[in-house]
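So the structure is just underneath, and the comments pick up after that.
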Amino acid sequence: MDEQEVKRLEDSMQLHTYHKLPIVLERGEGVYLFDKSGKRYIDFMSAYGVAILGHSNVAVIEAVQNQMQKLISCHGSVYNEARAKLLSKLKLISPPDLQHFYLCNSGAEAIEAAMKFARKVRRKKGFIAFSGGYHGKTFGALSVTWGEKYREPFAPLLDGVVFGRYGDVEQLEKLPFEEVAAVIVEPVQGESGIKMANQEFFNTIQSRCKETGCLMIVDEIQTGLGRTGKMWGHEHYALRPDIITVAKGIGGGIPLGVTMVSNKVAEAIELGDHTTTFGGNPVAAAAGCAVIDFILSNRLIEHSRSLGKVFRERLAEMSNQKLYKESRNMGLMAALELRIKFMNVLDEALKHGLITLYSGLNIIRMLPPLIISKEQLDEGLDILLQALKKTGENL
Ligand SMILES: *Cc1c(COP(=O)(O)O)cnc(C)c1O
């Protein structure tokens, strides 16, 4: 099939819910992607943060192939070694208070489970969420997602969701923590453009939860597994959540989501409360094991932390560009906020072999694979810098 045919088929039959880049990807290798014509791109998108180990990681391929030959399907109602191993590895990396796991297939599903569990424990229905927050697009997850344009066409959503302002410490005192099941928060807001709140904000959430018994759900779907330079984004703020949600990179590209919960939550959950057919299937479990092993044995957390410093310096250097407003990063999660809409810069970067993400209308967002080398990070940022210069000249 040629490129035009691929585009024609997708455009004519897939529902138009995705904004598409004008390229057809064929294969990947490490931090690089190749389109049908063989053109190479450096990948700062990582399939929205999924490809933390880059593309075609040999350890993941081998684990999946081996498991496929043994057993592909095994429902959660039957025991299986791949699942048992995944659970043991999750226990190695999960926060010490969160040692029980619900396995599912995506971020939104991990959030749905978290929300149901919180209601069951607290016997209260509401949630506190925050401006700019993104938690997925199923009904429950959408109810705590900020974007009005995503929510409005599907109302009514869940009752009792109150949005606070992300980063507003004073307002936290007025939010109804005593009346809701849980507060749900991202340690760094990914979808809204790598937005951060300060230590005091998180301290106050922690103390309000302690005072009122409100559960704390920390959404680590984008920030988890070393993305921010620590295993979990919430470690930067010394939070002690009751529940965390994990997905995106955990399956090495195979759909896998995890809801990690405390003893107290685990004790409240009973037979049949929440299940899903594919959750914890052997292939996803084998992939998850390979990902966790690879992160630990290659010290990717430390790598992400040290490259985060390089990222910061390089982004600061770009500040002499007239289109530039501000840059933000934590580890290998970064954003460059522009004074103009990003479209021309993204197009120009793509032309020169860089695929990157965006947020809103003027934020370039970067989530390179955690395996990226300093030279490759420089290579991608050089392309971005050139794209900025060129766009600046053409204005
Ligand atoms: C991507 C994302 C989700 C939703 O995950 P899906 O797998 O797309 O359902 C939820 N929360 C955060 C923070 C995310 O980045």
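Residues of region 238-270 that are more than 16 Å from the ligand (Cβ to nearest atom) and not in a strand (DSSP E or B): 238, 240, 242, 263, 264, 265, 266, 267, 268, 269, 270. Flag: residue 117 matches the condition of being aromatic (Phe, Trp, Tyr) and either within 18 Å of the chain's Cα centre (by Cα) or within 17 Å of residue 241 (Cα to Cα) (or both). Among the candidates 137, 124, the residue that is away from the ligand (no atom under 16 Å from the Cβ) and of a type outside the set (A, V, I, L, M, F, W, C) is uniquely 124.
Every listed requirement among (1) in a helix (DSSP H, G or I); (2) within 16 Å of the ligand (Cβ to nearest atom); (3) touching a residue at least 12 places away in the same chain (Cβ under 8 Å) is met by residue 226 save one, (1). Those helices (runs of 4 or more DSSP H) of region 2-72 in which 3 or more residues are open to solvent by 40 Å² or more (accessible area, probe 1.4 Å) and of a type in the set (A, V, I, L, M) occupy 58-70.
Among the residues here, residue 336 does not qualify as closer than 16 Å to residue 45 by Cα and in contact (Cβ under 8 Å) with a residue 60 or more places away in the chain. Of all residue pairs spaced 6 or more apart or on separate chains, those with beta-carbon atoms under 8 Å, a first member in region 127-149 that is at positive phi and a second member that is of a type in the set (S, T, N, Q) and more than 7 Å from the ligand (Cβ to nearest atom) are 132/189; 132/192; 136/145. Going through (1) over 30 Å from residue 37 (Cα atoms); (2) free of Cβ contacts under 8 Å to residues at least 24 places away in the same chain; (3) under 20 Å from the mean Cα position of the chain (by Cα) one by one, residue 358 falls short only on (1).
The values are calculated or read from the model by the stated rules, or taken from the named source; none is laboratory data. In this text, all values refer to a predicted model and were calculated from it rather than measured experimentally. As a convention, Cβ positions derive from the backbone with ideal geometry for all residues, glycine included, and neighbour counts pool all protein chains shown. All accessible areas refer to the heavy atoms of the entire protein, side chains included, with ligands and DNA or RNA removed. Shrake-Rupley method; radii C 1.70, N 1.55, O 1.52, S 1.80 Å.
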